[in-house]
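Below is one structure, written out as structure tokens; comments come after it.
What follows draws every value from the coordinates through simple rules; no lab data is involved. As the structure is a computational prediction, the values presented were derived from the model and not from experiment. Cβ sites come from the backbone with ideal geometry, for glycine too, and all protein chains shown count toward neighbours.
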Amino acid sequence: MAATPHPAAPAPRDLADLPYAHRLDVFTGELERDGDHESVHFDGGTFAGLDGGGTVFLECAFSSVAFEGGRYRRARFDDVWAQRTRWVGGDLAETQWTDCEADAGLLAGVELHGSRLRRVVFHQCKFDSVNLRAAELRDVTFADCLLRDADFSGARLAGVAFPGTTLERVRFDNVTVDRADLSGAAALGIASGLDALRGATISGLQLVELAPALAMVLGLEVKDG
């Protein structure tokens with residue numbers, strides 16, 4: 001049985017719900033550098049060690065696809081839907097993601113530094129040691145996800161929310177915050193960068209939980225009694 005989506009996030013869609021689902025053709029070719037793919041369904045399979053840099057994916061769907069290693073620098077994903085898709089150890093630096101949705105996916109050891117994500121929703125996805133340094137995230141939602149050892153250092157977070165998401169050892173050093181909402185997160189395990197989260201929203205309970213770390217950042221000495 002599928003997990004109930006967090007009420008603060010839109011429900012994930014099925015493939016048949018996509019407005020372009022009737023136009024999708026199953027992908028049968030090869031991924032190549034500077035390719036152009038429109039209305040294509042990548043259904044299953046593994047892409048290992050490929051160079052797909054500069055490739056454009058427009059109104060495409062990915063179902064149970066595995067990407068192992070490879071370089072996809074400056075690729076562009078526009079109106080892309082992905083379900084149970086795995087990215088392991090790939091280079092996705094400086095990629096652009098617009099109007100995208102990912103459900104039950106995995107990103108492990110992935111380079112996303114300098115990327116631009118706009119109007120993107122991640123449902124029940126796992127981010128493990130993902131590099132998002134200097135990325136720009138605008139209107140991005142991490143719903144019921146796990147972010148472990150993710151690095152947002154130097155990133156710009158505008159309209160970013162984490163409803164139901166667990167953060168473990170996440171770094172926010174030198175981030176720029178504009179309407180970032182952490183109040184719905186299931187756990188706030190912040191390794192560094194608390195001082196850079198000025199302007200972010202947290203809950204009262206989270207404030208209490210973060211008090212020792214905040215005191216350390218501010219250089220406060222806490223004396224009981």
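Given C-alpha coordinates of segment 124-206, what is the ratio Rg to Rh with the Kirkwood estimate of Rh? My calculation of the ratio gives 0.91. Across E209, E136, E94, mean-square fluctuation computed from a Gaussian network of the chain (C-alpha pairs under 10 Å connected) peaks at E209. Pairwise Cα distances in the chain exceed 24 Å for 43 percent of all pairs. For the chain, the longest principal axis of the C-alpha atoms and the axis of helix 204-218 are separated by about 70°. Over the Cα atoms of segment 33-111, the radius of gyration divided by the Kirkwood radius equals 0.91; this is the Rg/Rh ratio.
Taking a spot 7 Å from the Cα of S203 along the direction of its beta carbon, which residues of segment 151-181 have an amide N less than 15 Å from it? Answer for this model: 162-167, 181. Across the options F142, V88, A200, the greatest Cα extent toward the positive end of the charge dipole of the chain (unit charges at beta carbon of Lys, Arg, Asp, Glu) belongs to A200.
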